[in-house]
1. Which members of segment B:49-64 meet the condition of being touching a residue at least 24 places away in the same chain (Cβ under 8 Å) and more than 14 Å from chain A (Cβ to nearest Cβ)?
2. Just checking, does segment B:90-111 include any residue being among the β-branched types (Val, Ile, Thr) and over 27 Å from residue B:48 (Cβ atoms)?
3. In contact (Cβ under 8 Å) with a residue 40 or more places away in the chain and farther than 24 Å from residue A:127 by Cα: which single residue out of A:190, A:199, A:219 fits that description?
4. Across segment A:227-240, what is the number of residues that are touching a residue at least 24 places away in the same chain (Cβ under 8 Å) and over 23 Å from the mean Cα position of the chain (by Cα)?
5. So residue B:288 fits all but one of (1) touching a His at 6+ places or on another chain (Cβ under 8 Å); (2) without any contact (Cβ under 8 Å) to a residue 40 or more places away in the chain; what number is the exception?
6. Considering (1) at the interface with chain A (Cβ under 10 Å from one of its Cβ atoms); (2) of a type outside the set (Ser, Thr, Tyr); (3) on the phi < 0 side of the Ramachandran plot, say which one residue B:74 fails and leave the rest.
7. How about segment A:117-132: which of its residues are assigned to a loop (DSSP other than H, G, I, E, B) and not hydroxyl-bearing (Ser, Thr, Tyr)?
8. Looking at A:340, A:345, which one is of a type in the set (A, V, I, L, M, F, W, C), more than 14 Å from chain B (Cβ to nearest Cβ), buried (at least 17 other Cβ atoms within 10 Å of the Cβ) and in contact with a helix residue (DSSP H, G or I) (Cβ under 6 Å, 6 or more places away or on another chain)?
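The values are calculated or read from the model by the stated rules, or taken from the named source; none is laboratory data. For clarity, every value in this text was computed on a predicted model and none was experimentally measured. All Cβ positions, glycine included, derive from the backbone under ideal geometry; neighbour counts span all protein chains shown.
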Amino acid sequence: MPLPLFPEHLNFPAHNASANDSSITKQIFFSTNVIRSLLRVVVSARTYADFTPQATFDIKKCDLHKLEEGPPLQAMLSREEGLQYYRTMQTMRRMELKADQLYKQKIIRGFCHLYDGQEACAVGIEAGINLSDHLITAYRAHAYTLTRGGTVREIMAELTGRRGGIAKGKGGSMHMYTKNFYGGNGIVGAQVPLGAGVALACKYLGKNELCVCLYGDGAANQGQIFETYNMASLWKLPCIFICENNKYGMGTSVERAAASTDYYKRGDFIPGLRVDGMDILCVREATKFAAEHCRSGKGPILMELQTYRYHGHSMSDPGVSYRTREEIQEVRSKSDPISMLKDRMLSNNMASVEELKEIDVEVRKEIEDAAQFATTDPEPPLDDLCNHIFYNNPPMEVRGTNPWTKLKSVS
Amino acid sequence: MASLRCFLRSGKNAVSAVLRREFHRTSPAAVQVTVRDALNQAMDEELERDERVFLLGEEVAQYDGAYKISRGLWKKYGDKRIIDTPITEMGFAGIAVGAAMAGLRPICEFMTFNFSMQAIDQVINSAAKTYYMSAGLQPVPIVFRGPNGASAGVAAQHSQCFAAWYSHCPGLKVVSPWSAEDAKGLLKSAIRDDNPVVFLENELMYGVPFEMSEEAQSKDFIIPIGKAKIERQGNHVTLVSHSRMVSLCLDAAAVLAKEGIECEVINMRTIRPLDAEAIETSIMKTNHLITVEGGWPQFGVGAEILGRIMEGPAFNYLDAPAVRVTGVDIPMPYAKILEDNSIPQIKDIIFSVKKTLNV
């Protein structure tokens, strides 16, 4: 068949192969890609409509607790959805890596808890609910700030403590908020009763909304969480409790912290499911299932997402004293959420390599621009120091560091 | 005109003396209302006025309230708005704060403020600081209320005063009513306030009746948070107090008046923000200051007032060092004789006044 040859398609660097691949794998990869891309040249010479618009994927069965049936074992993914999930996860990944860089340059200070590795959770959950629903999480919150409507710019500027930050530089890494997103909470476990309170408001106001209430494997042992399970269940609050089990609470592995590591069962009388948190489709389907449960008035439900963080607990934790580099590398190569989605889409002809590359380039640019903004935007003005103590309050005086310094505070 | 008004008012008082046993809310005369009933009225009126207001806490609904403050409310408003909670303060306080974040206006009752210690993280870190941390994105319109401080015979774990602890923190308003009017007007203000308010009641005051003016009986009667009230005018010494201790100050003032010493008694009404100006103005007149509180002395309400006075314009008007009358610096004992001697008595106030005036 005639092949209109586009030089760029043949000029094929093995950029998709990771540094660890053997050279044989590289060659095979290279040649199959060449073949594929040659075929695609034919395909792309026509229209993009020749991509598979939608495909169905088998997903792992969830372990169930006090549930007769669980989420479906297959998930449909449209091309648009796939590209959107890919872009969002890649944005999150790049944003967190940039934050790592800026922290090491001392441009970000204090606490910085990174989410890379866990992207499928944040994106999958958001795909299973609506923006009109509510969400609250702990301090590993940058990704959720993004899915809940924040921009990379304002997130990064908050990390660098600038006036353009999402909380005007006054909150920092752990205290970012958007509409229907209640942070960003620094005290381990405290966000869980708060989330149930949000769910109570949802039920009270009768708007058929629910609250997703996240916590980690470390927080899962907190007493206030069990107090919350009790009340949420008693009052049938529309609350999806989600335990992001990344296997380590700071430096303590789950085996050393919990008498029972079946976090999805810890709700006892609350039905639960254990979900593969590295597979975005699994997370999405489980979230949809859980949301349906809540919205039908059955009360709360609990999801355990089995996931993994590549970084240490925070930037002050190298993350290798309590786990091996081999373990981290194994997860990265076998279960990376972005790679998993990418492979699915490519192997089902739902997107082209170039297309995904293009998204990567766009994402990189977005992150660079945001970082540029975050490093050049000025710090908050000193006039802002005492503002936002009270809402809807007349201006008041705040004592400064000495009796002669009276500072102004407005709402 | 003023004398006519005085005459009418004294006439009303005569009428109210006659009507003292009757509770005609629509009567034009002042009536006697207990602090308990005043709090009940405040909550009832605010529940009626705004659908987003609701009450939660232990025994508030079907039991009518551990101290009967919420009597009748569950019957009137039902399960949705008056919620009985399990005995899990940290959990339900957090739930209340979350509900406030999502647009409701909860009243979170602690059976006593001693139990609020279990939930104090939610009060401080989730409620008080959030508006600031979010740079104005997330207000938290919540009231935490309940009895505070010493009661009678309840011993150490149930007698602590938390005025100083909560007043230490920016982002909170801390209110401590004394009379029935205080209770009603300040609770209504607190509920209408869009910020976290810690409302410190006193169990021993619940049953005490006070005259409530016609104005105070209105459904729109509110007392602004942050303003103290002069309960008794005087020229010789300023007594600053809050909650039940105001009664003791007035009683001490009555005794001292017989000896020709006129005390000016200031009822703080609000601990945070502190009405320093009212205290300073009074000191500029009397030249002497004594603070009276039920709580412990170290780092307490009195300590703060004295510090402020030192740093402010009133210092130059003091003819003697300002002093504090406080609870004794010990955990509260049980035996009556010991308990009675653990908190300020009228004689302690009188003694301190005379020492300060050097008489």
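1. B:49, B:59, B:60
2. Going through segment B:90-111, the residues among the β-branched types (Val, Ile, Thr) turn out to be B:95, B:97, B:107.
Pick out the ones that are also over 27 Å from residue B:48 (Cβ atoms) and you get none.
So far as segment B:90-111 goes, no, none of its residues is among the β-branched types (Val, Ile, Thr) and over 27 Å from residue B:48 (Cβ atoms).
3. Numbers: A:190 fails: in contact (Cβ under 8 Å) with a residue 40 or more places away in the chain; A:199 fails: farther than 24 Å from residue A:127 by Cα.
Answer to the selection: A:219.
4. Taking segment A:227-240 as the starting set, the residues that turn out to be touching a residue at least 24 places away in the same chain (Cβ under 8 Å) are A:227-229, A:231-233, A:235-240.
If we keep only those that are over 23 Å from the mean Cα position of the chain (by Cα) as well, we get A:227-229, A:231-233, A:235-237.
Number of matching residues: 9.
5. Here residue B:288 clears every test but (2).
6. Going through (1) at the interface with chain A (Cβ under 10 Å from one of its Cβ atoms); (2) of a type outside the set (Ser, Thr, Tyr); (3) on the phi < 0 side of the Ramachandran plot one by one, residue B:74 breaks only (1).
7. In the first step, residues of segment A:117-132 are kept if they are assigned to a loop (DSSP other than H, G, I, E, B); the result is A:117-118, A:129-132.
Within segment A:117-132, A:117, A:118, A:129, A:130, A:131 meet the criteria.
8. Details: A:340 fails: in contact with a helix residue (DSSP H, G or I) (Cβ under 6 Å, 6 or more places away or on another chain).
Criteria check complete, one pass: A:345.
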